[in-house]
Amino acid sequence: MSSYNTPDEPSSSSNSGHHMPPPVQQQLSRYESQKRRDWNTFLQYLKTLNPPIKISQFDHTHVLSFLDYLDQFGKTKVHHQACAFFGQPDPPSPCTCPLKQAWGSLDALIGRLRAAYDEHGGGSSDSNPFGNGSIRIHLREIRESQAKARGIPYRKKKKRKKTANDAVVIKKDFSNSGGS
């Protein structure tokens, strides 16, 4: 063990109980970390606009332009209608169609930003720009166009009904079984 102490750490012999331990930061969940990262990215985007937009001034049009801006970082191939592979789920060769953000990623992003806006004192949920009807319409159009371009229809997941064949797990407590 080394006897070297940093200037901020008193030696154990000179410690008179006045040394405070460093504050413990709570580890954020993956969702909370992503939400914070998304919120900071959106704020940075607003600052890059000409003129820069303050958080108190943005509206749903800025959210739509942010979604369009994010497409340049997308990884999902979305075929144009004129592309020979339009409507094919697994094209046999590469094409020049653009890469875009996947609909599911954008939908999740808007959900996180909507929650972050509420947490940062954005006002009532009715005035939340991320919950604006035009955002929902835009996301629906993206979902439909990507589904057509890939030849994979989007189907809303239905809740599964319980059937008589569903397994039922019954746990028995054998601790008080009257044994010796």
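If you average the sequence gap of Cα pairs under 8 Å that are 6 or more apart and divide by the length of the range 39-162, what percent do you get for the contact order?
29
For the range 31-150, compute Rg over Rh where Rg is the Cα radius of gyration and Rh is the Kirkwood radius from the inverse mean 1/r over Cα pairs.
Rg/Rh: 1.03.
Averaged per residue, what accessible surface does the range 31-150 expose to a 1.4 Å probe, in Å²?
Working: 7170 Å² over 120 residues.
Accessible area per residue: 60 Å².
Quick check for the range 31-150: number of Lys pairs with alpha-carbon distance under 26 Å, counting only pairs 8 or more apart or on different chains?
Taking the range 31-150 as the scope, the lysine pair count is 12.
The values are calculated or read from the model by the stated rules, or taken from the named source; none is laboratory data. Not measured: the values here are computed from a predicted model. These accessible areas exclude ligands, DNA and RNA; they are computed on the full protein's heavy atoms, side chains included. Shrake-Rupley method; radii C 1.70, N 1.55, O 1.52, S 1.80 Å.
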